[in-house]
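The values are calculated or read from the model by the stated rules, or taken from the named source; none is laboratory data. In this text, all values refer to a predicted model and were calculated from it rather than measured experimentally. So basically every Cβ, Gly included, is an ideal-geometry build from the backbone, and we count neighbours across all protein chains shown.
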Amino acid sequence: MSTATPVTNLPALPIDGTPAATNGNSIPTNDAHTTSDSQPSNDINAYLRRSVHDLISLQGRTIVITGGARGLGLAFAFAIAEVGGNVAIVDALDKPHEHFEKLQKDFDIKCKLYKSDVTDYDVLKATFDSIVLDFGRIDGLVTAAGICPDEPFFKRDPKSVARCFAVNTLGTYYSAQLAGAQMLKQEPTSFNKRGGSMVFIGSIAAYVASKGQTTSDYCSSKGAVVSLAKALGVELAGTGIRVNSVSPGYMMTDMTLDLCNRMPWLGDIMNNEPPMRRMGDRTDLKVPVVYLLSDASAYHTSDDLLITGGIHAGRLM
Ligand SMILES: NC(=O)c1ccc[n+]([C@@H]2O[C@H](COP(=O)([O-])OP(=O)(O)OC[C@H]3O[C@@H](n4cnc5c(N)ncnc54)[C@H](O)[C@@H]3O)[C@@H](O)[C@H]2O)c1
């Protein structure tokens, strides 16, 4: 937290609504933790007091991560813990990846895994209720639970298609509704005056068909996730809840590594399709997700961050 004294003494300007009361021409007093998040601010000098370090902190906040027992979601859990956030992981797996134990051991934060199913609203609601009982609040949500069937369009069985949409799209929708309801009703704190931040994990597949894979339902389910972030960001803007998505390209996880080992030609595509000529590493997503969850992105909503090594912009010949 920055406690530096402002070097100038400019009067607040009415750039963002009614000017705050001042005595003479002094700037309104504000400590770093009570300055704006999603609230209008009349403090033109706030930038002098809020350091990058302070803005990116998630100290005291509770972030729910669906699909966080392994893969990308688990990397997000480490990123959040590294900047002081508490983590509630919601996943269908019985046993998390071995790194989950390291997360619990290495950080002085609260961290708990909840076995649940994002496709079953009642079960998921009971899980969110338990999280609120255990953690007291929800300040952020990351929806990483997802599945990716790879089968030709005309062979897709309706039940399997419905399952893909249920996990990827409805699971995101339900999680957002449950987290958002809690964000609206909880008491303000020094670290979160109002609302919260949601980050949906979309995919480059929302924009371009995957080379070497036949993933019609996956692509369309992720298109819906990206659209949902845009719609909710606007609908909830007045509540202090921000909603964005992150759309990764090919990322190296246990699952994609296994895929590449079993189907080397797929590994070839994943490493050579991106103009940057490599798969993404989970490390590449840690800061973007923390940024979107934190006050650093207080004016950022209804957006999709494409982190793809350039695939979304074009393909090399
Ligand atoms: N890995 C990539 O290259 C990549 C690229 C773009 C987008 N994504 C997206 O990122 C997200 C995470 O992918 P990943 O590579 O880490 O996959 P992963 O399979 O390693 O992780 C997904 C997690 O979701 C959980 N899950 C699945 N169905 C669930 C359900 N019904 N309820 C609760 N949890 C459930 C799984 O148990 C698993 O732990 C997915 O949405 C995926 O579509 C991944």
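Taking each residue of the stretch 221-235 that is free of Cβ contacts under 8 Å to residues at least 40 places away in the same chain and looking for partners that are in a helix (DSSP H, G or I) with beta-carbon atoms closer than 7 Å, six or more apart or interchain, yields G223/A206. Counting only residues that are buried (at least 20 other Cβ atoms within 10 Å of the Cβ) and touching a Leu at 6+ places or on another chain (Cβ under 9 Å), the stretch 155-177 holds 6 of them. Here the condition is being surrounded by 19 or more Cβ atoms within 10 Å (Cβ to Cβ) and either out of contact with any strand residue (DSSP E or B) (no Cβ under 6 Å at 6 or more places or on another chain) or modelled with pLDDT of 75 or more (or both); of A46, A21, A75, it holds for A75 alone. Residues of the stretch 63-80 that are β-branched (V, I, T) and near the ligand (Cβ under 8 Å from one of its atoms): T66 alone.
Exactly one residue among D157, D129, D139, D134 is under 26 Å from G212 (Cβ atoms) and away from the ligand (no atom under 12 Å from the Cβ), and that residue is D157. Within the stretch 209-249, restricting attention to residues that are among the hydrophobic types (A, V, I, L, M, F, W, C) and in a strand (DSSP E or B), which residue is surrounded by the fewest Cβ atoms within 10 Å (Cβ to Cβ)? The extreme case among them is I241.
Per-residue answers, yes or no, for (1) modelled with pLDDT of 95 or more; (2) touching a Phe, Trp or Tyr at 6+ places or on another chain (Cβ under 6 Å); (3) away from the ligand (no atom under 11 Å from the Cβ); (4) among the small types (G, A, S):
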residue	(1), (2), (3), (4)
G212	no, no, yes, yes
Y218	yes, no, no, no
L228	yes, no, yes, no
D258	no, no, no, no
N272	no, no, yes, no
L285	yes, no, no, no
L306	yes, no, no, no
G314	no, no, yes, yes
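Being closer than 16 Å to G202 by Cβ and in contact (Cβ under 8 Å) with a residue 24 or more places away in the chain holds for only one residue in L306, L266, and it is L306. Quick check on the stretch 146-166. Is at least one of its residues over 29 Å from M255 (Cα atoms) and out of contact with any His (no Cβ under 8 Å at 6 or more places or on another chain)? No, because not a single residue in the stretch 146-166 is over 29 Å from M255 (Cα atoms) and out of contact with any His (no Cβ under 8 Å at 6 or more places or on another chain). All conditions but one from (1) polar (S, T, N, Q); (2) in contact with an Asp or Glu (Cβ under 9 Å, 6 or more places away or on another chain); (3) under 19 Å from V208 (Cβ atoms) apply to N272; the one that does not is (2). Looking at S57, is it at pLDDT 50 or above and part of a loop (DSSP other than H, G, I, E, B)? It is true that S57 is at pLDDT 50 or above and part of a loop (DSSP other than H, G, I, E, B). On inspection, F107 does not qualify as surrounded by 23 or more Cβ atoms within 10 Å (Cβ to Cβ) and aromatic (F, W, Y).
Criterion applied to F107, F135, F128 was being among the aromatic types (F, W, Y), under 28 Å from A81 (Cα atoms) and out of contact with any helix residue (DSSP H, G or I) (no Cβ under 7 Å at 6 or more places or on another chain), and the one residue passing it is F135. For the stretch 183-202, enumerate the residues that are away from the ligand (no atom under 14 Å from the Cβ) and crowded, with 22+ Cβ neighbours inside 10 Å. Selection gives M183, N192, G195, G196, S197, M198.
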